[in-house]
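Derivation of every value follows stated rules applied to the coordinates shown; laboratory data play no part. Computed from a prediction, not measured in an experiment: that's the story for all the values here. We place every Cβ from the backbone using ideal geometry, glycine too, and count neighbours over all the protein chains shown.
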Amino acid sequence: MPSRRRADEDAEVIVVGAGPAGSTAATYLARCGLDVLLLEKSTFPREKVCGDGLTPRGVKQLIDLGVDTREEAGWLHNRGLRVVTSHHELELDWPSLSNFPPYGVVRTRQDFDEMLARTAQRAGARLLENTNVTGAITHERTGRVVGVSAKVGKDREPVTYRAPLVLACDGVSARLALSVGIDKRDDRPMGVAVRRYYNSPRTKDDYLESHLQLWDRTDPARPVLLPGYGWIFGMGDGTVNVGLGILSTSKAYGTTDYRALMRSWVAGLPEDWEFNEDTATGKIGGAALPMGFNRTPHYRDGLLLVGDAGGMVNPFNGEGIGYAMESAKLAAQCVVQALARPEGPARERALAGYPLALKQALGSYYTLGNTFSKLIGNPTIMRLCTRYGMPKERLMRLVLKLLAGLYDPRDGDAMDRIITVATKLAPSV
Ligand SMILES: Cc1cc2nc3c(=O)[nH]c(=O)nc-3n(C[C@H](O)[C@H](O)[C@H](O)COP(=O)(O)OP(=O)(O)OC[C@H]3O[C@@H](n4cnc5c(N)ncnc54)[C@H](O)[C@@H]3O)c2cc1C
């Protein structure tokens with residue numbers, strides 16, 4: 001095929017960051033025949049602090065991308081979520097739906113992210129590792145993003161790359177968006193999460209486990225119930241990923257020592273699970289979770305924000321991988337259409353379709369999620385929800401569907417219809 005790349009350009013699309021968002025976008029774009037440059041600051045395999053869990057919502061994105069998610073292909077499946085409070089324990093299987101598979105998976109991000117990056121390479125994207133993008137290059141007259149500047153290799157040699165469109169998939173740091181003045185929105189929630197791996201007899205588990213009562217016992221006389229949850233995800237390889245996440249809507253946000261909280265929570269768990277300093281395989285790692293579209297606009301002047309860079313994490317449950325991949329697919333579809341049009345208004349119309357597609361897919365659901373995160377930021381409401389909600393299994397099944405975004409708006413049961421109506425009534429963020 002003759003190249004559509006102009007002589008002064010390095011690619012037709014530049015994708016910054018080879019996490020789930022970037023590698024997914026690069027794969028779809030390259031499969032459509034576009035010349036894609038995928039720039040990544042680290043070198044694979046590399047670690048990424050995460051819970052490593054995917055609900056069926058995330059697995060669907062892998063399947064859409066053509067990844068073989070069968071157990072025979074090395075994936076560890078789970079069949080649902082175990083919800084634990086001090087008085088109750090409930091095993092909720094993932095719902096059976098036409099639009100999502102009935103299983104979730106776990107896989108270390110060390111492995112997962114490299115697998116996705118190699119998928120993008122196999123599709124034809126040119127991956128440049130060790131390339132730290134420092135900011136966008138803008139056209140001096142129009143202000144449009146026309147490329148990126150970067151520092152390459154150990155010597156941090158300055159380089160520039162040019163293309164008519166750039167996808168910011170650089171995660172929560174959102175360096176690219178910040179370089180053109182697209183700031184975080186304070187009216188949308190954030191989370192903070194920390195995690196650690198332990199060698200543990202709990203490594204094999206058919207369920208993802210979620211602990212809804214997270215007590216901060218820093219002052220033992222006055223324990224405080226924090227809005228967030230702890231998780232225990234068996235990795236199947238002898239280790240367990242244990243972590244916790246807290247919402248910005250809580251008073252404790254920003255004042256809590258998350259690593260100390262993690263140590264105190266883990267110390268209160270049963271001894272025979274063997275979560276202790278001797279079994280820990282590394283340090284406690286932590287990072288922020290940008291939720292509910294907390295950075296907008298998602299498209300402006302040649303730059304699209306995808307995944308964490310655009311605040312795509314689900315405010316109900318803190319899941320971000322699947323949503324990073326979902327937004328990447330939508331971004332890629334719009335970019336492919338845009339680049340098939342001449343520069344100018346026709347192309348811009350196709351690009352304006354990206355924020356619209358996001359709003360359509362997730363806007364109203366995230367409005368509900370943002371409200372939910374405000375409500376449970378109040379410890380009294382959180383306490384009432386766990387005390388009176390947990391014993392009601394049917395209600396909890398509905399809650400699981402809502403929190404994990406696992407409902408079918410077209411062909412579902414009564415619960416699916418309740419959630420669909422709620423999302424229809426909510427305005428889109
Ligand atoms: C403790 C914790 C637990 C979590 N648990 C889960 C979970 O169990 N399930 C789930 O679905 N989600 C989870 N999340 C959220 C999930 O990790 C993110 O939502 C997801 O990684 C977002 O993908 P992304 O591709 O947008 O960003 P990232 O995964 O952050 O990828 C960004 C990529 O860009 C690269 N990059 C960054 N800056 C630059 C730069 N300047 N130049 C070049 N490259 C750059 C990075 O190296 C990285 O490879 C968790 C998050 C945390 C913090």
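Considering only Met396, Met325, Met291, the Gaussian network model of the chain with Cα springs below 10 Å gives its largest mean-square fluctuation to Met396.
For segment 228-271, dividing the convex hull volume of the Cα atoms by the residue count gives 81 Å³ per residue. Above 32 Å lies some portion of the pair distances; for the chain, what is it as a whole percent of all C-alpha pairs? More than 32 Å apart: 36 percent of the Cα pairs in the chain. The fewest-to-most ranking of Leu384, Leu62, Leu97 by surrounding Cβ atoms within 10 Å reads Leu384, Leu97, Leu62. Rounded to two decimals, the Cα-based Rg/Rh of segment 168-257, with Kirkwood Rh, is 1.08.
Considering only Met390, Thr380, Thr420, and ranking their Cα positions along the charge dipole of segment 370-425 that arises from unit charges at the beta-carbon of Lys, Arg, Asp and Glu, the one farthest toward the positive end is Thr380.
From the Kirkwood radius over Cα pairs of segment 247-342, Stokes-Einstein at 4 °C and 1.567 mPa s returns a whole-number translational diffusion coefficient of 78 µm²/s.
Between Asp68 and Thr142, the FRET efficiency estimated from the beta carbon spacing at R0 = 45 angstrom works out to 0.50. Once the Cα atoms are used to define both axes, helix 364-376 deviates from the longest principal axis of the chain by about 40 degrees. Computed about its Cα centre, the charge dipole of the chain is approximately 1160 debye, with only Lys, Arg, Asp and Glu carrying charge at their Cβ. Only Cα pairs within less than 10 Å get springs; with that Gaussian network setup on the chain, which residue of Pro355, Pro342, Pro409 has the largest fluctuation? Among Pro355, Pro342, Pro409, the largest GNM mean-square fluctuation belongs to Pro342. Where the alpha-carbon atoms of segment 370-425 are placed on the principal axes, they occupy 36, 25, 16 Å, in descending order.
Return the whole-Å distance between the Cα centroid of segment 64-79 and the Cα centroid of segment 363-429. Each part reduced to its Cα centre gives a spacing of 28 Å.
For the chain, the relative contact order is 18 percent, taking Cα pairs closer than 8 Å that sit 6 or more residues apart in sequence and dividing their mean separation by the residue count. Structure remark: mean-square fluctuation, Gaussian network model of the chain, C-alpha springs under 10 Å; the largest value among Gly236, Gly74, Gly377 belongs to Gly74.
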